[in-house]
Amino acid sequence: MAAPRSFVWSRRIFLTVLAAFVALPVFVMVSSSLKPLQDVTGEFRWIPSGLTIRPYFDIWETVPLADYFVNSLIVAGAATVCSVVIAVFAAYAVSRYTFRGKRVFTVTVLSTQMFPGILFLLPLFLIYVNIGNATGIALFGSRGGLILTYLTFSLPFSIWMLIGYFESVPRDLDEAATVDGCGPIGALFRVVVPAAIPGIVAVAVYAFMTAWGEVLFASVMTNETTRTLAVGLQGYSTQNDVYWNQIMAASLVVSIPVVAGFLLLQRYLVTGLTAGAVK
């Protein structure tokens, strides 16, 4: 049965308005990044009077953007790898074995998501400073400390999501692997992990995006040498001027890895989120 004509047109109008609402900020960012600074700070025009790609070259000279880019890649990449590895083992143990405190563990992991991240800022700061004073291990102002900080955010969600996904993998596969001579670890990596690739990819994308765009903890836990991109963009705002065209250009450049990764892994991401949410 065909849908009513009024419904079809209403849907088209709604989707058109929604697409315009989403595309408008992107258009302003792109057009502003291609304008000279005086045109950006002057009267706004939808159609730029002159275009230039100079801001895309200046962004690397105004601030050490390349260093911030490397720091973000190291921190986000390490946080993603650690989150995936730890979450895989933890979720496999919870989904396949019965042990004392299992329910308490799962409830505790999930309950950590109820608290806003800012509540952990001062405790983590004091812990890192005290560890540095007592042991000489510099966690505050280092990449390692920032990686540990991001693990406190990404791990609970990653574990909870993979528990749901691993429970959707039939246990008969584990039993078949055991019959073939595999132990628990062999069954995990040879059977369960290949079947759970979409869920693992979804967890990896979530962990990477969480670490890549985080600002609050990165602004407190880093220094000049370990600063990440999300904090480094503030360098385009000085006491004398704000380089709006360079800010727009740098924002577009910074978003390229996330957007490219999302487009490449979109199929796995949708499958993983759907399967992990429904047991």
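The values are calculated or read from the model by the stated rules, or taken from the named source; none is laboratory data. Since the model is a prediction, treat every value here as computed from it, not as a measurement. So basically every Cβ, Gly included, is an ideal-geometry build from the backbone, and we count neighbours across all protein chains shown. Side chains included, ligands, DNA and RNA excluded: accessible areas come from the protein's heavy atoms. Shrake-Rupley method; radii C 1.70, N 1.55, O 1.52, S 1.80 Å.
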Would you check if residue 128 is among the hydroxyl-bearing types (Ser, Thr, Tyr), crowded, with 16+ Cβ neighbours inside 10 Å and closer than 21 Å to residue 220 by Cβ? yes
Of all residues in region 209-226 being among the aliphatic types (A, V, I, L, M) and not in a loop (DSSP other than H, G, I, E, B), which is most open to solvent (accessible area, probe 1.4 Å)? 209
Within region 41-56, restricting attention to residues that are over 16 Å from residue 241 (Cβ atoms) and either in contact (Cβ under 8 Å) with a residue 60 or more places away in the chain or out of contact with any helix residue (DSSP H, G or I) (no Cβ under 9 Å at 6 or more places or on another chain) (or both), which residue is most open to solvent (accessible area, probe 1.4 Å)? 43
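Conditions tested, residue by residue: (1) under 20 Å from the mean Cα position of the chain (by Cα); (2) over 16 Å from residue 164 (Cα atoms); (3) basic (Lys, Arg).
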| residue | (1), (2), (3) |
| --- | --- |
| 89 | no, no, no |
| 107 | no, no, no |
| 110 | yes, no, no |
| 113 | yes, yes, no |
| 120 | yes, yes, no |
| 130 | no, yes, no |
| 137 | no, yes, no |
| 142 | yes, yes, no |
| 148 | yes, yes, no |
Unique residue being touching a helix residue (DSSP H, G or I) at 6+ places or on another chain (Cβ under 9 Å), among the small types (Gly, Ala, Ser), without any contact (Cβ under 8 Å) to a residue 60 or more places away in the chain and under 30 Å from residue 96 (Cα atoms) when the list is 204, 177: 177
Just checking, does region 116-125 include any residue being open to solvent by less than 30 Å² (accessible area, probe 1.4 Å) and under 24 Å from residue 171 (Cα atoms)? no
From the list 157, 153, 166, exactly one residue is open to solvent by less than 10 Å² (accessible area, probe 1.4 Å), among the hydrophobic types (A, V, I, L, M, F, W, C) and in a helix (DSSP H, G or I). Which is it? 166
Just to be sure I understand the filter: pairs with C-beta atoms under 8 Å, separated by 6 or more residues or on different chains, first member in region 63-87 and within 24 Å of residue 246 (Cα to Cα) and outside any helix (DSSP H, G or I), second member open to solvent by less than 10 Å² (accessible area, probe 1.4 Å) and not hydrophobic (A, V, I, L, M, F, W, C). Which pairs pass? 63/232; 63/236; 64/232
May I ask you to list pairs of residues, at least six apart or on different chains, whose Cβ atoms are under 9 Å apart, with the first in region 237-263 being in a helix (DSSP H, G or I) and the second being at pLDDT 80 or above and of a type in the set (Asp, Glu)? 245/39; 245/58; 246/58; 249/58
Only one of 10, 83 that is modelled with pLDDT of 85 or more, surrounded by 16 or more Cβ atoms within 10 Å (Cβ to Cβ) and among the polar types (S, T, N, Q): 83
Taking the condition of being surrounded by 19 or more Cβ atoms within 10 Å (Cβ to Cβ) and either in contact with a strand residue (DSSP E or B) (Cβ under 9 Å, 6 or more places away or on another chain) or β-branched (Val, Ile, Thr) (or both), how many residues in region 169-189 meet it? 1
